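One structure below.
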Amino acid sequence: MFVWTGENAPRIEIARVEIDGATIRADGTQIGVAYELRYTLDAGTLHLEVPRGRSRVVEPGDVDFVDLGFSPLTNTLPILADRLHRGGEPRDYVMALVEVPSLEVVRSEQRYEPFAPGLVRFRSGDFTAMLELDDDGFVVRYPGLAARAFPAA
């Protein structure tokens, strides 16, 4: 189980994660000031539900990965797939970014650049953040977005 808390806004995400080889399965809840979102990530497909509201299924389709807005967990997907937390060459990905809380899906070009063991620079458009990762490749801190509260780094 992972728990992240918001750095720039009141927000919390709780995710129960299972890893089987290169496949990640997760059940999670994200709570912000004016929304609650529940999700399941299974074999790259993201099932989303806003209680008493909308639901949506987002499949990778013609993109590399799904990316849930405000979620440090989904930043882990390309990092683990290519073991970027261990080093290597920068990689570019096309993501299906789910905007929260609207659940609108937009195409997002993202770049992940290994900087040092446990550090990967994330770029999307003009935005840049240095992601701090644990030994397994999960986000410990995403500056300006979230810091992991459990398990402690």
Could you tell me whether any residue of the stretch 20-32 is closer than 21 Å to Glu132 by Cβ, assigned to a loop (DSSP other than H, G, I, E, B) and in contact with a Phe, Trp or Tyr (Cβ under 9 Å, 6 or more places away or on another chain)? no
Among (1) at pLDDT 95 or above; (2) surrounded by 15 or more Cβ atoms within 10 Å (Cβ to Cβ); (3) out of contact with any helix residue (DSSP H, G or I) (no Cβ under 7 Å at 6 or more places or on another chain), Ala81 falls short only on (1)
Test: residue in the stretch 90-101 that is touching a residue at least 60 places away in the same chain (Cβ under 8 Å) and not acidic (Asp, Glu): yes
Of the residues that make up the stretch 63-79, is at least one touching a residue at least 24 places away in the same chain (Cβ under 8 Å) and over 14 Å from the mean Cα position of the chain (by Cα)?
-> yes
Report task. Please tell me if Pro101 is closer than 19 Å to Gly6 by Cβ and in a loop (DSSP other than H, G, I, E, B). Result -> yes
| request: State whether the residues of the stretch 69-76 include one that is modelled with pLDDT of 95 or more, assigned to a strand (DSSP E or B) and either aliphatic (A, V, I, L, M) or surrounded by fewer than 19 Cβ atoms within 10 Å (Cβ to Cβ) (or both). | output: no
Going through the stretch 104-137 in order, the residues found to be part of a strand (DSSP E or B) and exposed (fewer than 13 other Cβ atoms within 10 Å of the Cβ) are Val106, Arg107, Ala116, Phe127, Thr128
- Would a scan of the stretch 24-35 turn up a residue that is under 15 Å from Met95 (Cα atoms), surrounded by 16 or more Cβ atoms within 10 Å (Cβ to Cβ) and touching a Pro at 6+ places or on another chain (Cβ under 8 Å)? no
Quick count over the stretch 1-19, residues being under 13 Å from Phe70 (Cα atoms), in contact (Cβ under 8 Å) with a residue 40 or more places away in the chain and either among the acidic types (Asp, Glu) or not in a strand (DSSP E or B) (or both), is 4
All-but-one check, Tyr93 against (1) of a type in the set (Ser, Thr, Tyr); (2) buried (at least 16 other Cβ atoms within 10 Å of the Cβ); (3) outside any strand (DSSP E or B), failing number (3)
Taking the stretch 138-153 and keeping only residues that are part of a loop (DSSP other than H, G, I, E, B), surrounded by fewer than 18 Cβ atoms within 10 Å (Cβ to Cβ) and of a type in the set (A, V, I, L, M), one is left with Ala152, Ala153
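The values are calculated or read from the model by the stated rules, or taken from the named source; none is laboratory data. Model, not experiment: these values are computed from the prediction. All Cβ positions, even for glycine, are placed from backbone atoms using ideal geometry, and neighbour counts span all protein chains on display.
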